[in-house]
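Written out below as structure tokens is the structure these notes cover.
We did not get these values from a lab; they are worked out from the coordinates using the rules stated. Note that this is a predicted model, so its numbers are computed, not measured. All Cβ positions, glycine included, derive from the backbone under ideal geometry; neighbour counts span all protein chains shown.
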Amino acid sequence: MDLPQLEPSLPYLADVVPSVLAAMGVTGFVTRIALPGDVHGACVMLIDGMGAELLDAFADDAPTLAELRGQTVTVGFPSTTVQGITSLGAGCRSGEHGMVGYSFRLPEVGVVNALRWRPHPWGADLLDVVPPETVQPLPTTFERASAAGISVSVVSKAIFAGGGLTRAALRGGRYVGVHGLGDLAARVRETVSTGGFCYGYHGDLDLLGHLYGPGSEAWRMELRQVDRLVESVVEALPLGGLLAVVADHGMVTVDEAQIADIDALPALFDGVDAVGGEARARHVYTAPGAQNDVLVAWRETLADRAWTVSREEAIAAGWFGERVADRVRNRIGDVVAAARGSAVLVRPSVEPVESTFVGHHGSLTSAEQTVPLLLATG
């Protein structure tokens, strides 16, 4: 089987914040990606869903971003927001921080939707049942920077304050809730101008990519707004200020001929206790002793629509990083299915909204894995 390998020597999304903080001279951080030195204030801004291939294809809609276009980083597996944001915030890959997908199984509660912090696909809030700080117990880069005496802010939508993913991935900074692009730009400019560090987040490009497809007119109009957002921060950078723009993943447009409704394929559920992940990166949790039979069934049924492997094979291929912690191991499916090309493994009866999306991400293709690292200095 032609199995993708994630090369450990590549620069990863997890390397960005430690490198920026090292450039600021913060104690305890080392440079993993070469950046300009003597930085006195910085922002790492994450544009959800802005893959490097998409930015290159639609550069005419984003002249500021295109002018800054340089190196790229790899996001890690699965190429989804939960994993990407946690890798950015924790400064390590999914095998260490443990946020291994959009949804994954926790022994005490079953499969959890990590964006909503509820049982998957539905159920009551789990914040008091499984606190995010116990699911992702590693100190974040923001906690470490704050302990070193740096003023740290997390600038994101007000509705995300106190949420499960925020607490798991981004804790340690002062949360600044914003309500629009202008608000986001103003708060970032303020932080950098006063010599602090902030993480900024904008998520609407990803939303429109899901709904209408990456490259659709709506998506391109949003990319133009993102370009203006970045321009407005760049033009106000003070001497010694740094802006690093990244993304948590790219996106592919679904090929309707490659849609697999896995709920309509009963053979896939023999010996299966639960299914997590998302449409391009599935975790399959099997009954005791059933892993091999389930692996064969998924591999034969999905054929060339997915790379279908055992947990052990996925770990050996480096999908979750060089190290997989013992507490994380059983969160990974006994069988892992990563979609190839433009295929999706949907569940309309369980995930009715997500199964209608035009754009998806989560797998190992370069369109999903490779994101730009755009750097601007004052």
**Request:** Note down the nm distance, to one decimal, between modelled labels 7 Å out along Cα→Cβ at Arg224 and at Asp183.
**Result:** 2.4 nm
**Item:** Pairwise centroid distance, computed over Cα atoms, of segment 92-142 with segment 294-347, Å
**Value:** 19 Å
**Asked** From the backbone phi of segment 42-51, what are the Karplus-calculated ³J(HN,Hα) couplings (6.51 cos²θ - 1.76 cosθ + 1.60, θ = phi - 60°) in whole Hz, Gly and Pro given as x?
**Response** 8, 9, 9, 9, 9, 9, 4, x, 8, x
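Taking 0.36 nm per residue of sequence separation and subtracting the Cα-Cα distance, how much length would be gained by fully extending the chain between Leu207 and Leu239, in nm to one decimal?
On the way: separation 32, 0.36 × 32 = 11.52 nm, distance 3.45 nm.
Result for the pair: 8.1 nm of gain on full extension.
Viscosity 1.306 mPa s, temperature 10 °C: Stokes-Einstein D of segment 37-105 from its Kirkwood Cα radius, in µm² per second?
For the chosen part, D equals 114 µm²/s.
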**Fill in**
Helix 291-302 sits off the longest principal axis of the Cα atoms of the chain, rounded to the nearest 10 on a 0 to 90 degree scale, by 80 degrees
**Item:** Pairwise label distance in nanometres, Ser193 with Glu217, each label 7 Å out on the Cα-Cβ vector
**Value:** 3.8 nm
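Which of Leu3, Leu170 comes first, and how do the rest follow, when ranked by fewest Cβ neighbours within 10 Å?
Least to most surrounded, the residues fall as Leu3, Leu170.
Which value in Å does the Kirkwood hydrodynamic radius of segment 256-360 take, with 1/r averaged over all unlike C-alpha pairs and then inverted?
Working: mean 1/r = 0.0716 Å⁻¹.
By the Kirkwood definition, the hydrodynamic radius is 14.0 Å.
If we count other beta carbons within 10 Å of each Cβ, what is the order of Leu205, Leu54, fewest first?
On the way: Leu205 23, Leu54 26.
Sorted ascending by nearby Cβ count, the order is Leu205, Leu54.
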**Request:** Please sort 340-347, 87-94, 317-324, 156-163 by packing, taking for each peptide the average over its residues of neighbouring beta carbons within 10 angstrom, highest first.
**Result:** 87-94, 340-347, 317-324, 156-163
**Prompt:** Across every pair of different alpha-carbon atoms, what Kirkwood hydrodynamic radius in Å does the chain reach?
**Reply:** 20.7 Å
**Item:** For segment 62-186, Kirkwood radius (reciprocal of mean inverse C-alpha pair distance, Å)
**Value:** 15.7 Å
**Fill in**
Listing Glu278, Glu190 by rising number of other beta-carbon atoms within 10 angstrom, fewest first, gives Glu190, Glu278
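Which of the GluC sites (Glu not before Pro) found in segment 84-184 are in a DSSP loop and have at most 14 neighbouring Cβ atoms, other than their own, within 10 Å?
On the way: sites: Glu96, Glu108, Glu133, Glu143; in loops: Glu108.
Answer in residue order: Glu108.
Looking only at the chain, where both bridge partners belong to it, what percent of the DSSP beta bridges are antiparallel (to the nearest 5)? Each step should come with its number before you reach the end.
Values: 30 of 55 bridges.
For the chain, the DSSP antiparallel bridge percentage is about 55.
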**Asked** Using helices alone, what [θ] at 222 nm do you get for the chain, with -39,500 (n - 2.57) per DSSP H run of 4 or more residues, divided over all residues and rounded to the nearest 500?
**Response** -8000 deg cm²/dmol
